[in-house]
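Everything on this sheet refers to the single structure shown next.
The values are calculated or read from the model by the stated rules, or taken from the named source; none is laboratory data. Note that the structure is a prediction, hence the values are computed from the model and not measured. Using ideal geometry, Cβ is built from the backbone for each residue, glycine included, and neighbour counts are taken over all protein chains shown.
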Amino acid sequence: MNDLASQPAQFTPAVIHRADYRPPAWLVPDIALDFVLDLTETRVSATLDVERNPAAQDATAPLRLNGDGIVAGAVLVDGEPHNAWAMEGDDLVIDLPGSAHQVTIETTINPTANTQLSGLYASGGLLCTQCEAEGFRRITFFPDRPDVLSCYTVTLTADKAQFPVLLSNGNPVDSGEEDDGSHWAIWHDPWPKPSYLFALVAGDLVPTRDRFTTASGRAVDLAIWVRAGDETRTGHAMRSLIASMQWDEKVYGREYDLDLFNIVAVSDFNAGAMENKGLNIFNTRYILADPDTATDGDYDAVEGVVAHEYFHNWSGNRVTCRDWFQLSLKEGFTVLRDQQFSADRGSPPVKRIEDVRILRAAQFPEDSGPLAHPIRPDSYQEISNFYTATVYNKGAEVIRMMTVLAGPERFRAGTDLYFERHDGQAATCEDFVTAIEEGAQIDLAQFRRWYEQAGTPRVDVALSHDPVSGRVTLALKQTVPPTPGQSVKQPMVIPLRTALFDRQSGTHGGEHLIVLTQGQQQFTFEGHARPPVLSINRGFSAPVAIIAPQTVEDLVFLAAHDDDPFARYEAMQQLVVQHLVAAVEGRLDDDAREAGRKAIGGALAAILADAGLDDLMRGELVMLPGEAYLAEQLNPVDPARVHAEREALKAWLGRELAPAWTALHDRCAAVPFSLDAAARGARKLKTQALVYLAAADPQGTALRAKAQYDAADNMTDRQGALMVLCGLDCPQREEALDHFHARFADNRLVIDKWFSLQAGSLHPDALAHVQALAHHPDFTLTNPNRVRALYMAMAANPAAFHAADGAGYRTIADLILALDPINGNVAARFVAPLGRWRRVEPGRAALMRAELERIAAAPRLSRDVREQVSKSLE
Ligand code: PHE
Ligand code: ZN
């Protein structure tokens, strides 16, 4: 029992259980919404056609309409004032006899006071909405659950000078002007949708327009709406949108279904973007890009998020979720779809490596900590806390395994059946699995455990070879670790793409898909005269941790020879992980340390010299494993030792291979700017060379980095150089930072970079810099991007966050307490880094825990923060 549970009953948070799902008592086939928009006083009139749900369990239940912080001005039933209603908490409950009525409710809201950015809010003079997951109830009273689907007709009225553009979902029906300076627009969305997909935008916005013709010949008008001045930076987003529309037709057979597709970019946004039907609303950071202000990584992120939101039109909107426990139904599948799209647009192996790196850095720690949950959770207190790397990224991995098991054609037959069968419905993860099972004709009975069990499975591998028979035996053992509420686990279905290499020829006789289904299982392979080198989980075919007895020689071999690019990357990572883990654990004497470093240095030198590699891939192979992933291999972990050992290795490699890094930097610096893969690869390596060189020779590299900064004609080179300079104690650091700030003072997204680079830097005073930057005139707690730029970068900077005296933990806890009353949703995201205390060495663990307890003791906390903090202390 934690402290919270002992507080008075009104503090005991309600826990929502998946098993308690009941169909809604009433349906709302149609809704008419009438908005008179104003920054501080918006009037909303909602008219709901309600009818009893024939599938409801209680045929006499009252109509329950959710609200959150709103007051009903008037309630009419069938046009007459109605008194038989009552407030139950935030919900408005109306006693209604009979089976069909029209209910009208009026509310008044203040968008400017809405700092939570959920519901209707103001952002830099414009008005916009964010309704997923439960924001619609902050606008009007409604059964705010995804299994209530309605046709929306929306009337927007506003001052024409202040809000010249009025947008909502679907198609424009009519518009006009009044004599008092106001104007109005009526929108109708013919596709029934849940309330979380409702959106409106009103403001002074400029469109970038294009047009797309679908495979069946429907002409679709496309528009991306941004603030005046930003329209020069929408080209990449528009190209990405058009490419996404084409791709979804070709790969999944999915066409767009309205005459219009609008995207609006806003500066104040809790998440990345939102798939509202026909009116996606984006964080500006995933729309605006040009070479001067956006890095290559930003370009990829824009492309990926534009695609993601577009793909939701089918995986999310046409087929939506029955309840929020099914979130991975739309998110896991849509992440997989955007990953496949980005892979097709660029380099598939590089994309795969990037996605696995994100999974390991963000999802593996979640799965091994107090907030671990299955991709389909069983309970929650606040659904906003479940928009996680587990639901999204592990969710995508689980569906990706279905593609591995079924093969692409049969998987497509499965998704075709899914879309056909559930179009227009609010479906479940079970519906999805059943459709894949039937359409692809594969058995997923045991596979369903991936939806039920949390925790990253671990697979231990033993390989034995019999020289007489030439037989190789792989003995595999899987363990799924205990997670909160799940102490005992059942074996999973784990598909492992595997190859056995012959050491002499450097080749293998074909890849095998072995499917591990039992706790322990053996697989045999014939015809091996010599003990082979094992290449397993190629392409990262399963989201598991492999513990295989690979020698340094085996890993060096695979890093140089494996024909699966992911496996090459993996061998390189494993080589470094094994070495650093041994170093951190104090298992290396001087000779062993020297031998380990030499092996890594030799493998790296071979990669730098390998003419068969493209630079984008080379850039992946030379990257050291991150500290978060290294920390996962150690329990408990001393983050200071991980940091010190990793930095020491980096410095050694920088010194040992200095001529190669310098030559690489010179070669890449000579490649002129373009967005093609070769030039992007050169930019990636240019900064990586600086990173190694800076670790070995800070002073000399400060000059080189400053020269890269000064010569940069694009943000990738500029940001890379500034990132390296930020970590060094040198005069060039201040010079470049000041220059950067002055040059981009009027570009909020670039100033976000200026904050992040300092907060994430290797500089020994990074934490003090963060504390000072919190008082910078450009810093504000009301803009989520700015908050994340400063504090997420710091929480992800191990040396700063894990400062031995606990000052990093205190800084994050102070932030959570200060931000919570403004924006609980964003504040709650900062709890997880503190929540990992149980896996950290005892001294720091106590400091982390103390900060969590300090937060828990606050008199008022949002439901968001309270859930995360109490679970982190349990
Ligand atoms: N549904 C959005 C997406 O993944 C994410 C989101 C969730 C945005 C909640 C805002 C609020 O595309
Ligand atoms: Zn999504």
All positions within region 692-701 that are in contact (Cβ under 8 Å) with a residue 12 or more places away in the chain and surrounded by fewer than 22 Cβ atoms within 10 Å (Cβ to Cβ): Ala696, Asp697, Pro698, Gln699
Residues within region 110-124 that are touching a Pro at 6+ places or on another chain (Cβ under 9 Å), assigned to a loop (DSSP other than H, G, I, E, B) and surrounded by 20 or more Cβ atoms within 10 Å (Cβ to Cβ), tallied: 1
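Hey, among the residues in region 154-169 that are of a type in the set (A, V, I, L, M, F, W, C) and surrounded by fewer than 22 Cβ atoms within 10 Å (Cβ to Cβ), which one's nearest to ligand 1 (Cβ to nearest atom)? Please lay out each step first, then the result.
Step one: filter region 154-169 for residues of a type in the set (A, V, I, L, M, F, W, C), giving 154, 156, 158, 161, 163, 165-167.
Then keep just the ones that are surrounded by fewer than 22 Cβ atoms within 10 Å (Cβ to Cβ); that gives 161, 165.
Values: Ala161: 30, Val165: 21 Å.
Restricting to residues being of a type in the set (A, V, I, L, M, F, W, C) and surrounded by fewer than 22 Cβ atoms within 10 Å (Cβ to Cβ), the top hit is Val165.
From Ala678, Ala689, Ala644, Ala702, which residue is at pLDDT 95 or above, over 31 Å from the mean Cα position of the chain (by Cα) and on the phi < 0 side of the Ramachandran plot?
Details: Ala678 fails: over 31 Å from the mean Cα position of the chain (by Cα); Ala689 fails: over 31 Å from the mean Cα position of the chain (by Cα); Ala644 fails: over 31 Å from the mean Cα position of the chain (by Cα).
Within the list Ala678, Ala689, Ala644, Ala702, the selection yields Ala702.
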Residue in region 751-766 that is buried (at least 21 other Cβ atoms within 10 Å of the Cβ) and β-branched (Val, Ile, Thr) present: no
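Looking for whichever is under 19 Å from the mean Cα position of the chain (by Cα), assigned to a helix (DSSP H, G or I), within 11 Å of ligand 1 (Cβ to nearest atom) and touching a residue at least 12 places away in the same chain (Cβ under 8 Å) here; the options are Tyr299, Tyr310. Which one fits? Reasoning before the result, please.
Details: Tyr299 fails: within 11 Å of ligand 1 (Cβ to nearest atom).
The unique qualifying residue is Tyr310.
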Which listed residue, of Cys151, Cys131, is within 16 Å of ligand 1 (Cβ to nearest atom), on the phi < 0 side of the Ramachandran plot and touching a residue at least 40 places away in the same chain (Cβ under 8 Å): Cys131
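Answer yes or no: is there a residue in region 649-659 that is touching a helix residue (DSSP H, G or I) at 6+ places or on another chain (Cβ under 9 Å) and more than 17 Å from Ala606 (Cα to Cα).
Initially, region 649-659 is screened for residues touching a helix residue (DSSP H, G or I) at 6+ places or on another chain (Cβ under 9 Å), giving 649-658.
Now narrow it down to the ones that are more than 17 Å from Ala606 (Cα to Cα): 649, 651.
Yes, the conditions are met somewhere in region 649-659.
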Subset of region 257-279 [in a strand (DSSP E or B) and over 17 Å from Arg233 (Cβ atoms)]: Leu260, Phe261, Asn262, Met274, Leu279
Unmet criterion (only one of (1) within 30 Å of the chain's Cα centre (by Cα); (2) more than 30 Å from Asn66 (Cβ to Cβ); (3) of a type in the set (Ser, Thr, Tyr)) for Ser267: (2)
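For the condition more than 30 Å from Arg836 (Cα to Cα), touching a residue at least 12 places away in the same chain (Cβ under 8 Å) and either charged (D, E, K, R) or part of a helix (DSSP H, G or I) (or both), what is the one hit in Ala631, Ala605?
Details: Ala631 fails: more than 30 Å from Arg836 (Cα to Cα).
None of the others qualify; the one that does is Ala605.
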Pairs with Cβ under 6 Å, 6+ apart, first in region 784-804 and in contact (Cβ under 8 Å) with a residue 12 or more places away in the chain, second in a loop (DSSP other than H, G, I, E, B) and of a type in the set (Phe, Trp, Tyr): none
Residue ranges of helices (runs of 4 or more DSSP H) in region 803-874 with at least 2 members within 22 Å of Pro13 (Cβ to Cβ) and basic (Lys, Arg): 842-856, 863-873
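Out of everything in region 280-296 that is in a helix (DSSP H, G or I) and out of contact with any strand residue (DSSP E or B) (no Cβ under 6 Å at 6 or more places or on another chain), what residue ends up being nearest to ligand 1 (Cβ to nearest atom)?
In the first step, residues of region 280-296 are kept if they are in a helix (DSSP H, G or I); the result is 284-286, 296.
Now drop any that are not out of contact with any strand residue (DSSP E or B) (no Cβ under 6 Å at 6 or more places or on another chain), which leaves 285, 296.
Working: Arg285: 13, Asp296: 22 Å.
So, considering only residues that are in a helix (DSSP H, G or I) and out of contact with any strand residue (DSSP E or B) (no Cβ under 6 Å at 6 or more places or on another chain), the one nearest to ligand 1 (Cβ to nearest atom) is Arg285.
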Filter result (within 14 Å of ligand 2 (Cβ to nearest atom) and assigned to a helix (DSSP H, G or I)) within region 313-325: Trp324
Residue within region 647-667 that is within 30 Å of Ala845 (Cβ to Cβ) and in contact with a Gly (Cβ under 9 Å, 6 or more places away or on another chain) present: yes
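Would you confirm, using the coordinates I've provided, whether Ala362 is away from ligand 2 (no atom under 16 Å from the Cβ), in a helix (DSSP H, G or I), closer than 28 Å to Ala265 by Cβ and touching a helix residue (DSSP H, G or I) at 6+ places or on another chain (Cβ under 7 Å)? Give the derivation first.
On the way: away from ligand 2 (no atom under 16 Å from the Cβ): no; in a helix (DSSP H, G or I): yes; closer than 28 Å to Ala265 by Cβ: yes; touching a helix residue (DSSP H, G or I) at 6+ places or on another chain (Cβ under 7 Å): yes.
It is false that Ala362 is away from ligand 2 (no atom under 16 Å from the Cβ), in a helix (DSSP H, G or I), closer than 28 Å to Ala265 by Cβ and touching a helix residue (DSSP H, G or I) at 6+ places or on another chain (Cβ under 7 Å).
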Criterion violated by Asp443 - all others in (1) in a helix (DSSP H, G or I); (2) free of Cβ contacts under 8 Å to residues at least 24 places away in the same chain satisfied: (1)
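Matching residues to (1) among the β-branched types (Val, Ile, Thr); (2) surrounded by 17 or more Cβ atoms within 10 Å (Cβ to Cβ); (3) more than 17 Å from Ala307 (Cβ to Cβ):
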site	(1), (2), (3)
Tyr196	no, yes, yes
Val206	yes, no, yes
Leu241	no, yes, no
Ser244	no, yes, no
Asp259	no, no, yes
Ala265	no, yes, no
Asp268	no, yes, yes
Arg285	no, yes, no
Residue selected from region 244-278 under the condition aliphatic (A, V, I, L, M) and within 15 Å of ligand 1 (Cβ to nearest atom), by the criterion farthest from Gly346 (Cα to Cα): Val266
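Among the residues of region 326-344, are any surrounded by 21 or more Cβ atoms within 10 Å (Cβ to Cβ), of a type in the set (A, V, I, L, M, F, W, C), within 16 Å of ligand 2 (Cβ to nearest atom) and within 20 Å of Arg863 (Cα to Cα)?
First, the residues of region 326-344 that are surrounded by 21 or more Cβ atoms within 10 Å (Cβ to Cβ): 326-342.
Next, only the ones that are of a type in the set (A, V, I, L, M, F, W, C) stay: 327, 329, 333, 335-336, 341.
Next, from what is left, pick out any that are within 16 Å of ligand 2 (Cβ to nearest atom): 327, 329, 333, 335-336, 341.
In the following step, the residues that additionally are within 20 Å of Arg863 (Cα to Cα) were identified as 327.
Yes, region 326-344 contains a residue that is surrounded by 21 or more Cβ atoms within 10 Å (Cβ to Cβ), of a type in the set (A, V, I, L, M, F, W, C), within 16 Å of ligand 2 (Cβ to nearest atom) and within 20 Å of Arg863 (Cα to Cα).
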Identity of the residue in region 261-282, more than 16 Å from ligand 2 (Cβ to nearest atom) and of a type in the set (A, V, I, L, M, F, W, C), that ends up farthest from Gly170 (Cα to Cα): Val266
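Within region 152-211, considering only strands (runs of 3 or more DSSP E) that don't extend past its boundaries, which have at least 3 residues that are farther than 28 Å from Lys330 by Cβ? Give the steps one after another, and end with the answer.
Numbers: elements: 165-168, 171-177, 182-193, 200-203.
So the answer is 171-177, 182-193.
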